[in-house]
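Novice: Right, I'll just put the structure down here and ask away after.
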Amino acid sequence: MSTKLFVNLPVRDLPRSKAFYEALGFTFNPQFTDDTAAAMVISEHNYAMLLTHAKFEKFVTKPIPDARATTGVLIALSLPNPEAVDTLVTKALDAGGKEPRPKQDHGFMVQRTFEDPDGHTWEPFYMDPTFVK
């Protein structure tokens, strides 16, 4: 059995968040999507659950931080080539996201960063597979 990853993200405006991620090319599983949550398909084994604050609060005992003011998590997303990294970030910026720092080129890895409308930080990257031993 393979392990699946579900990242749960609190969002202030679920329709706006869905539209943002749809503009990036992601789809949603309608079986687990309603007016309080949306199951965003990242890949066969990776998902992001976009949850309204009211829904998210049912799962936590701590206050929901404002991701626009603090960083609690960086969501790294491996992509097949540097062009895919640039394409995804361009789509994010066109859809209303922000790029809080410039592109990073480490030689063996290219990385960019974008924030969604709620301030959640995504870091799409490409790593040269010949570098990994």
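Novice: Just to confirm the filter: which trypsin sites (Lys or Arg not before Pro) across region 26-90 are DSSP coil and have at most 14 other Cβ within 10 angstrom of their Cβ?
Specialist: Numbers: sites: LYS55, LYS58, ARG68; in loops: LYS58, ARG68.
Within region 26-90, the qualifying trypsin sites (Lys or Arg not before Pro) (loop, at most 14 other Cβ atoms within 10 Å) are LYS58, ARG68.
Novice: To the nearest 20 Debye, how big is the dipole of the chain about its Cα centre, given +1 on the beta carbon of each Lys and Arg and -1 on that of each Asp and Glu?
Specialist: Values: 14 positive and 17 negative charges, 65 e Å.
Computed charge dipole of the chain: roughly 320 debye.
Novice: Treating each Cα of region 1-60 as an identical point scatterer and ignoring solvent, apply the Debye formula and state log10 I(q)/I(0) at q = 0.21 Å⁻¹.
Specialist: Results for region 1-60 at q = 0.21 Å⁻¹ read -0.77.
Novice: If you wrap a convex hull around the Cα atoms of region 70-133, how much volume per residue is inside, in Å³? Walk me through the numbers before you get to the answer.
Specialist: Working: hull volume 5.3 nm³, N = 64.
It comes to 83 Å³ per residue, whole-number rounded.
Novice: Turning to a different aspect of this structure: What relative contact order, as a whole-number percentage, does the chain give when Cα pairs under 8 Å and 6 or more residues apart are counted?
Specialist: Working: 227 pairs, mean separation 30.7, N = 133.
Relative contact order here is 23 percent.
Novice: So, one more: Please build a GNM for the chain, connecting alpha carbons under 10 Å apart, and tell me which residue among ALA37, ALA54, ALA69 fluctuates the most.
Specialist: Result for the chain, Cα springs under 10 Å: ALA69 fluctuates most.
Novice: Using a 10 Å Cβ count of at most 14 others and DSSP loop calls, identify the longest part of the chain lacking such GluC sites (Glu not before Pro).
Specialist: Values: sites that count: GLU44, GLU57.
With GluC sites (Glu not before Pro) excluded where exposed in loops, the chain gives 58-133 as its longest stretch.
Novice: Here's a follow-up. If you only keep lysine pairs separated by 8 or more in sequence, or across chains, how many in the chain come under 23 Å at the Cα atoms?
Specialist: Details: LYS4/LYS18; LYS4/LYS55; LYS4/LYS58; LYS18/LYS55; LYS18/LYS58; LYS18/LYS91; LYS18/LYS98; LYS91/LYS103.
Taking the chain as the scope, the lysine pair count is 8.
Novice: Ignoring the sites themselves, what is the longest stretch of the chain with no chymotrypsin sites (Phe, Trp or Tyr not before Pro) in a DSSP loop and at most 13 other beta-carbon atoms within 10 Å? Write out the running numbers ahead of the final one.
Specialist: Values: sites that count: PHE59, PHE108, PHE131.
In short, 1-58.
Novice: Per residue and in cubic angstrom, what volume does the convex hull of the Cα atoms of the chain have? It would help to have the intermediate numbers written out before the result.
Specialist: Details: hull volume 17.9 nm³, N = 133.
It is 134 Å³ per residue.
Novice: Please work out the Cα center distance from region 28-57 to region 93-125, rounded to the nearest Å.
Specialist: One Cα centre to the other: 22 Å.
Just so you know, all these numbers are worked out from the coordinates, no wet-lab data involved. Bear in mind that the values here come from a model prediction, so they are computed numbers and not experimental data. With ideal geometry, Cβ positions are generated from the backbone for all residues, glycine too; neighbour counts draw on all protein chains shown.
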